[in-house]
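See below for the structure under consideration.
The values are calculated or read from the model by the stated rules, or taken from the named source; none is laboratory data. In this text, all values refer to a predicted model and were calculated from it rather than measured experimentally. No Cβ is skipped: glycine too gets one built from the backbone with ideal geometry, and neighbour counts run over all protein chains shown. Note: accessible area is taken over every heavy atom of the protein model, side chains too, but ligands, DNA and RNA are not part of it. Shrake-Rupley method; radii C 1.70, N 1.55, O 1.52, S 1.80 Å.
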Amino acid sequence: MAMEMRLPVARKPLSERLGRDTKKHLVVPGDTITTDTGFMRGHGTYMGEEKLIASVAGSVERVNKLICVKALKTRYIGEVGDIVVGRITEVQQKRWKVETNSRLDSVLLLSSMNLPGGELRRRSAEDELAMRGYLQEGDLISAEVQAVFSDGAVSLHTRSLKYGKLGQGVLVQVSPSLVKRQKTHFHDLPCGASVILGNNGFIWIYPTPEHKEEEAGGFMANLEPVSLADREVISRLRNCIVSLVTQRMMLYDTSILYCYEASLPHQIKDILKPEIMEEIVMETRQRLLEQEG
């Protein structure tokens, strides 16, 4: 049986090997960001002794006169309109509890979802009794943030036909700070797979459906066997996303597609080797810089 042995080796940080300066202003709690009183205090900062001080560990971001600190690793903080991927953890009276990588469980009300078939009517006692038939513990769903409560808990809704129960695919969990906010977070990639980039850091990769099942109302999960070619594409995309996350690169459709194309000369299992991971991420970053410049 063939066995591969790997020994530790000192590696240069990726930022040192790139032509441009990619270093960020990093701070830890208690660090003084600025003593200039002309700046406004943003998230992750507080005023003390006429100095602006960081309250979390992360990178400093400035927008005109506003200074905030974006945490490098954080729980999801909901905003109205965000697209999230979550897992049902509990079925309660007229509601489901959903795990969305937040500090508190999110809530999906029975009245905040489409009924099977897209019926528009008041929810009855029969609907409440059939809740476990719609969604049960362990099911994955895509949803939109409808409201954020004062304690930080999130209320979800799935009233659009593009939201609902998720079928077969792969879930990748990353830090929410690495998912770039865009107009749409549902992407059909030309490689034959689709991704849902949840703002909460949950990324769902699944084979692109041949036709949209709009009459199901988002409750019919496709459980047909997935072909080997589709499984290989999904596995490659998953490893590419893990590579981008390891090198702290932002995740959006273009960066994922460029990384996928850069990984094609390599086998799927080799993508997670450190030297190959650095190679494909560096190529991805250079292509993105060329596109921007």
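Comparing Gly30, Gly58, Gly152 in a Gaussian network model of the chain where C-alpha atoms under 10 Å apart are linked, the largest mean-square fluctuation is found at Gly30.
Mind checking which of Ala71, Ala130, Ala153 has the largest fluctuation in a GNM of the chain, springs on alpha carbons under 10 Å? For the chain, modelled as a Gaussian network with Cα springs under 10 Å, the answer is Ala130. Annotation: aspartates and glutamates with alpha-carbon distance below 19 angstrom to Lys70 (same-chain offsets under eight excluded): Asp31, Glu61, Glu79, Asp82. A Förster radius of 41 Å combined with the Cβ-Cβ distance from Asn64 to Ser235 puts the calculated FRET efficiency at roughly 0.40.
If R₀ is 35 angstrom, what is the calculated FRET efficiency for the pair Leu264 and His25, using the beta carbon separation as r and rounding to 0.05? E(calc), rounded to 0.05, equals 0.45. Here is the short version for the chain: Cys68, Cys191 have no other Cys C-beta closer than 4.7 Å. Protein-only accessible surface at a 1.4 angstrom probe places the residues Met1, Met40, Met282 in the order Met1, Met40, Met282, largest first. Length gained on full extension, Glu283 to Gln182, computed as 0.36 nm times the residue gap minus the Cα-Cα distance: 34.0 nm. For the residue pairs Lys162/Lys269; Lys24/Lys51; Lys97/Lys165; Lys180/Lys269; Lys94/Lys165, alpha carbon separations beyond 23 Å are given by Lys162/Lys269; Lys180/Lys269. State whether the range 26-167 is rounded, prolate or oblate according to the following rule on the C-alpha gyration tensor (a ≥ b ≥ c being the square roots of its eigenvalues): a/c under 1.5 gives rounded; otherwise a/b larger than b/c gives prolate, and the remaining case gives oblate. It comes out prolate by the Cα gyration axes. Take the Cα of Val226, go 7 Å toward its beta carbon, and the backbone nitrogen atoms of the range 154-172 under 15 Å from that spot belong to 166-172. Largest GNM mean-square fluctuation among Ala262, Ala125, Ala143, using the chain with Cα springs under 10 Å: Ala125.
The per residue volume of the convex hull around the alpha-carbon atoms of the range 87-212 is 128 Å³.
With a/c under 1.5 counting as rounded, go ahead and sort the chain into rounded, prolate or oblate using the C-alpha gyration tensor (a ≥ b ≥ c being the square roots of the eigenvalues; past the cut-off, prolate if a/b is larger than b/c, else oblate). Oblate is the answer for the chain, as a/c is 1.5 or above yet b/c matches or exceeds a/b. Summarising the strand pairing of the chain, around 85 percent of its internal DSSP beta bridges are antiparallel. In this structure Asp230 has an accessible area near 50 Å², from a 1.4 Å probe over the protein heavy atoms.
Once the chain from Glu126 to Thr32 is taken as fully extended at 0.36 nm per residue, the excess over their C-alpha distance is 27.9 nm. Annotation: extensible slack from Glu292 through Lys73 equals 76.2 nm (criterion: 0.36 nm per residue apart, minus Cα-Cα distance). Exposed loop sites are taken as GluC sites (Glu not before Pro) in a DSSP loop (any state but H, G, I, E or B) with at most 16 other beta carbon atoms within 10 Å; the longest stretch of the chain without one runs 214-293. With the cut-off at 1.5 for a/c, could you classify the range 250-293 from its C-alpha gyration tensor as rounded, prolate or oblate? In terms of gyration-tensor shape, prolate. Here is how the number arises for the chain: DSSP H runs of 4 or more residues each give -39500 (n - 2.57), the sum is divided by the residue count, and the result at 222 nm is -6000 deg cm²/dmol.
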